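The structure appears below as structure tokens.
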């Protein structure tokens, strides 16, 4: 299990390095006051595989990426603020170094599979901070996903690695994982959300997370019809108002809560 996770992290990290797999020569486009004034304009003029460098600034626009594999590389979360959402359809995209006030949604319509990498971002003040749907493989690493209604929603058909994120102070759930979604949650801090910290419908692998001080349950588990359930160990789970593990008669694995 751990080896397969490492292989998937490595393969998805390659996506963040460049998205060169389509064979198109990679170019760099820069968004700044003296070049492209709009992120959407740069996206429209980019070719698949291009890297879009986002200079410091405040950008007030909603972004839509359709059918182009791109890298969006911001100058840092304190320097690049996007007031708007990022909507991704049928495209493999890597996003880093941006504060996003409007959420990210990635899903497939016609494409059989796509990849999403989100690293070193702040995602806040949205209805859903991050929604992953369709046939998407995702690596979500080292982000702050805070002050949304729902921090993160993982829908059917997705396969996600969620590692090293701060998922806190969301009004409702920290993370909501649906049936038929695959998820590995490793070393995240899921705390002080208004409802359950982590809701798992069906199976998931959950290890070495801190899940505490949430408004209802720390982790809520629901068995699938096939009996698939949560696996993992060494999670620090404490001080959740509705109980740390819910329901109590769920088959929690030995050592799940340390």
*Can you confirm whether the range 207-214 contains a residue that is out of contact with any strand residue (DSSP E or B) (no Cβ under 6 Å at 6 or more places or on another chain) and under 28 Å from residue 90 (Cβ atoms)?*
no
_Answer residue from the range 19-39, given it is over 8 Å from residue 49 (Cα atoms), part of a loop (DSSP other than H, G, I, E, B) and touching a strand residue (DSSP E or B) at 6+ places or on another chain (Cβ under 9 Å) and is modelled with the highest pLDDT among those_ = 38
*Looking only at the range 204-236, which residues are closer than 14 Å to residue 256 by Cβ and either in a loop (DSSP other than H, G, I, E, B) or modelled with pLDDT under 95 (or both)?*
208, 209, 229, 232, 233, 234
_It is to be established whether one or more residues within the range 72-88 are closer than 19 Å to residue 161 by Cα and crowded, with 20+ Cβ neighbours inside 10 Å._
yes
_Residue ID - surrounded by the most Cβ atoms within 10 Å (Cβ to Cβ), chosen from residues in the range 103-122 that are touching a helix residue (DSSP H, G or I) at 6+ places or on another chain (Cβ under 7 Å) and closer than 20 Å to residue 62 by Cα_ = 117
_Could you check the range 231-258 and list, in sequence order, the residues that are closer than 20 Å to residue 172 by Cβ and touching a strand residue (DSSP E or B) at 6+ places or on another chain (Cβ under 7 Å)?_
237, 239, 240, 242, 243, 244, 245, 246
*Which is more than 30 Å from residue 81 (Cα to Cα), in contact (Cβ under 8 Å) with a residue 24 or more places away in the chain and buried (at least 24 other Cβ atoms within 10 Å of the Cβ), of 218, 174?*
218
*Unmet requirement for residue 231, which otherwise passes all of (1) closer than 22 Å to residue 164 by Cα; (2) crowded, with 18+ Cβ neighbours inside 10 Å*: (2)
*Out of curiosity, is residue 254 more than 21 Å from residue 150 (Cα to Cα) and either assigned to a strand (DSSP E or B) or touching a helix residue (DSSP H, G or I) at 6+ places or on another chain (Cβ under 9 Å) (or both)?*
no
*asked:* Among the listed residues 129, 134, identify the single one that is assigned to a loop (DSSP other than H, G, I, E, B) and either in contact (Cβ under 8 Å) with a residue 60 or more places away in the chain or touching a strand residue (DSSP E or B) at 6+ places or on another chain (Cβ under 9 Å) (or both).
replied: 134
*Mind listing whichever residues of the range 143-179 are part of a loop (DSSP other than H, G, I, E, B) and within 10 Å of the chain's Cα centre (by Cα)?*
143, 165
*Scanning for something outside any strand (DSSP E or B), surrounded by fewer than 19 Cβ atoms within 10 Å (Cβ to Cβ), in contact (Cβ under 8 Å) with a residue 12 or more places away in the chain and touching a strand residue (DSSP E or B) at 6+ places or on another chain (Cβ under 9 Å), does the range 184-194 turn up at least one residue?*
yes
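The values are calculated or read from the model by the stated rules, or taken from the named source; none is laboratory data. Since this is a predicted model, take the numbers as computed values, not measurements. Here the Cβ is made from the backbone with ideal geometry for all residues, glycine too, and neighbour counts use every protein chain on show.
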